[in-house]
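*Asks:* There's a structure below that I have some questions on.
The values are calculated or read from the model by the stated rules, or taken from the named source; none is laboratory data. Quick caveat, the model's predicted, so the values are computed rather than measured. Note that each Cβ is placed from the backbone with ideal geometry, even for glycine, and that neighbours are counted across all protein chains shown. What goes into the accessible areas is simple: the full protein's heavy atoms, side chains included, and nothing from ligands, DNA or RNA. Shrake-Rupley method; radii C 1.70, N 1.55, O 1.52, S 1.80 Å.
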Amino acid sequence: MSSSVNPSMRVPHGAFALLRDLVHERTGLYFEDAKSDMFLGKLSPLVVERGFASLLDYYYFLKYDPGSADGWRKLFVALTVQESFFWREMDQVRALVDEIVPHYFMAHPDQTLNIWSAACAAGEEPLTIAMALHEAGWFDRARINIYASDASPRAVEAARNGVYRERSFRSLPPGLREKYFVCVDAGFGGLWQASSELHSRVHWRTANIMSEADIALAAIASPVVFCRNVLIYFSESATRKTVRVFAERMPRPGYLFVGAAESLLKITSDFELREIGDAFVYIRN
């Protein structure tokens, strides 16, 4: 999508701040004044698509129109980067499989472990978790549910389809693609479909982690939450709110995984950073 502002769209004084703050309130995504051109460039095609000549018209539509849900879905797609790949930041997944899961079932042998991938993009992260658990034989020994959600309906639709291009496999060990995926198009780039056995391990849904109601539905008392490489786009206040709601919903001990570039040390006292295996994990005690 073009990053230049459509010249036919009027941007009245103060309209950027109004829309920017509304987007921040609803999604957690925050754009500083220095990024106003990028912000408006991504959204101006949506403004024109709606037939609005002014950014204020678009703001009023999003804020007050009872039929704005589809507009919000398209806005989120326009502003976010839905790019991931299999076997990403695997130290954390290994800590889950090798340390956290065994300790959980030693303490709760008859219970079900719920794992939530809270910003799953097109599904590479939760499917990576499912592959790692399957390789370790955990699905044959214990009851484990994997839930995956994203605020972007387009991303969740792609995840539900389970079809991936070559770039998604750039870190996957040799042999695992052939074991868990089927080539459905051998043309340029190739297309690979996740096997039904793997794909069925994950329950997919749309959920905005800035919405307490969505978190209440999606978390399902998950003691393990992956929320990686999304908080870097949030303001400090949005991050603090999201992490607080995670803490309130998680049973104890709870394990929160964030991206390598994300830190909660100055954000919350609800979680303690610890090293498990070769990974750093935030623990709710």
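*Asks:* Highest mean first, how do 272-279, 27-34, 237-244, 149-156 rank when packing is the count of other Cβ atoms within 10 Å averaged over residues?
*Replies:* 149-156, 237-244, 27-34, 272-279
*Asks:* Right, something else. Enter the Cα centre distance for the pair segment 216-263 and segment 82-108, rounded to the nearest angstrom.
*Replies:* 16 Å
*Asks:* At a 1.4 Å probe radius, carbon and sulfur cover how many percent of the accessible area of segment 4-152?
*Replies:* Carbon and sulfur together cover 50 percent of it.
*Asks:* For segment 78-121, what are the per-bin percents of Cα-Cα distances with bins 10 Å wide, up to the bin holding the maximum?
*Replies:* The distribution over segment 78-121 is 22, 40, 26, 11, 1, given as percents.
*Asks:* Putting +1 on Lys and Arg Cβ atoms and -1 on Asp and Glu Cβ atoms, find which of A238, S200, P251 reaches farthest to the positive end of the dipole of segment 138-285.
*Replies:* So the residue furthest toward the plus end is P251.
*Asks:* Relative to the Cα centre, what is the charge dipole magnitude of segment 159-237, using +1 at the beta carbon of each Lys and Arg, -1 at the beta carbon of each Asp and Glu, and rounding to the nearest 20 debye?
*Replies:* For segment 159-237, the charge dipole is close to 240 debye.
*Asks:* For R205 and H108, compute 0.36 nm times the residue count separating them, minus their Cα-Cα distance, and round to one decimal in nm.
*Replies:* Contour length minus the Cα-Cα distance gives 32.2 nm.
*Asks:* Could you please state, rounded to a whole Å, how far the C-alpha centre of segment 183-213 is from the C-alpha centre of segment 266-281?
*Replies:* Centre-to-centre (Cα) distance: 29 Å.
*Asks:* Could you pull out the pairs from K63/K266; K42/K241; K74/K241; K42/K179 whose alpha carbons sit more than 29 Å apart here?
*Replies:* Pairs exceeding 29 Å: K63/K266; K42/K179.
*Asks:* While we're here: Only one of the values [x] 21; [y] 33; [z] 49 was calculated from this structure for percent of Cα pairs over 31 Å apart; name its label.
*Replies:* [y]
*Asks:* If you don't mind, there's one more thing I want to ask. What nm value, rounded to one decimal, do you get for the distance between S36 and D278 when each label is placed 7 Å out toward the C-beta?
*Replies:* Using points 7 Å along Cα→Cβ, the separation is 4.7 nm.
*Asks:* Something else about it: Any idea which of L191, M90, L55 is furthest toward the positive side of the dipole for the chain, if Lys and Arg beta-carbons carry +1 and Asp and Glu beta-carbons -1?
*Replies:* L55
*Asks:* If you take the Cα Rg of segment 100-177 and divide it by 2.2 N^0.38 Å, with N the number of residues, what do you get?
*Replies:* In units of the globular-protein estimate, segment 100-177 measures up at 1.22.
*Asks:* Using the basic label-point model (7 angstrom from Cα toward the beta carbon), what is the K63 to K179 distance in nanometres?
*Replies:* Reported label-point gap for K63 and K179 is 5.4 nm.
*Asks:* Angle check, please: helix 124-135 long axis (alpha carbons) against the longest principal axis of the chain (alpha carbons), in degrees 0 to 90, nearest 10.
*Replies:* The answer is roughly 0 degrees.
*Asks:* Residue by residue through segment 86-101, which ³J(HN,Hα) values in whole Hz follow from phi under the Karplus form 6.51 cos²θ - 1.76 cosθ + 1.60 (θ = phi - 60°), with glycine and proline marked x?
*Replies:* 6, 6, 8, 6, 6, 4, 6, 5, 5, 4, 4, 6, 8, 10, 6, 4
*Asks:* Still on this structure, I have one more. Report the calculated FRET efficiency for R154 and A186 (r = Cβ-Cβ distance, R0 = 22 Å), to the nearest 0.05.
*Replies:* My answer for the efficiency is 0.30.
*Asks:* Can you tell me the dipole magnitude for the chain around its Cα centre, using point charges on the Cβ only (Lys, Arg +1; Asp, Glu -1), in Debye to the nearest 20?
*Replies:* Using only the charged Cβ atoms, the result is roughly 340 debye.
*Asks:* Pick out, in residue order, every one of the chymotrypsin sites (Phe, Trp or Tyr not before Pro) in segment 176-236 that is DSSP loop and has at most 11 other C-beta atoms within 10 Å; say none if there are none. Mind dumping the intermediate values first?
*Replies:* On the way: sites: Y180, F181, F188, W192, W204, F226, Y233, F234; in loops: F188.
Passing sites in segment 176-236 are F188.
*Asks:* Each residue of segment 192-207 in turn: what ³J(HN,Hα) in whole Hz from Karplus with 6.51, -1.76, 1.60 and θ = phi - 60°, glycine and Pro shown as x?
*Replies:* Coupling constants for segment 192-207: 10, 9, 4, 5, 4, 4, 6, 5, 6, 6, 10, 9, 9, 7, 8, 7 Hz.
*Asks:* On the protein heavy atoms, probe 1.4 angstrom, tell me the percent of accessible surface of segment 183-285 carried by carbon and sulfur.
*Replies:* 52 percent
*Asks:* Separate question: Hey, can you find the accessible area per residue of the chain for me, probe 1.4 Å, expressed in square angstrom?
*Replies:* 48 Å²
*Asks:* Also, I was wondering about something else. Kindly express, to the nearest 10 degrees and within the range 0 to 90, the angle between helix 15-27's C-alpha long axis and the longest C-alpha principal axis of the chain.
*Replies:* 20 degrees
*Asks:* So, one more: If one takes the longest principal axis of the Cα atoms in the chain, at what angle in degrees, from 0 to 90 and to the nearest 10, does the Cα axis of helix 36-49 lie?
*Replies:* 80 degrees
*Asks:* Another one. Karplus couplings for segment 104-109 from phi (6.51 cos²θ - 1.76 cosθ + 1.60, θ = phi - 60°), rounded to Hz, Gly and Pro as x?
*Replies:* 4, 7, 5, 7, 9, x
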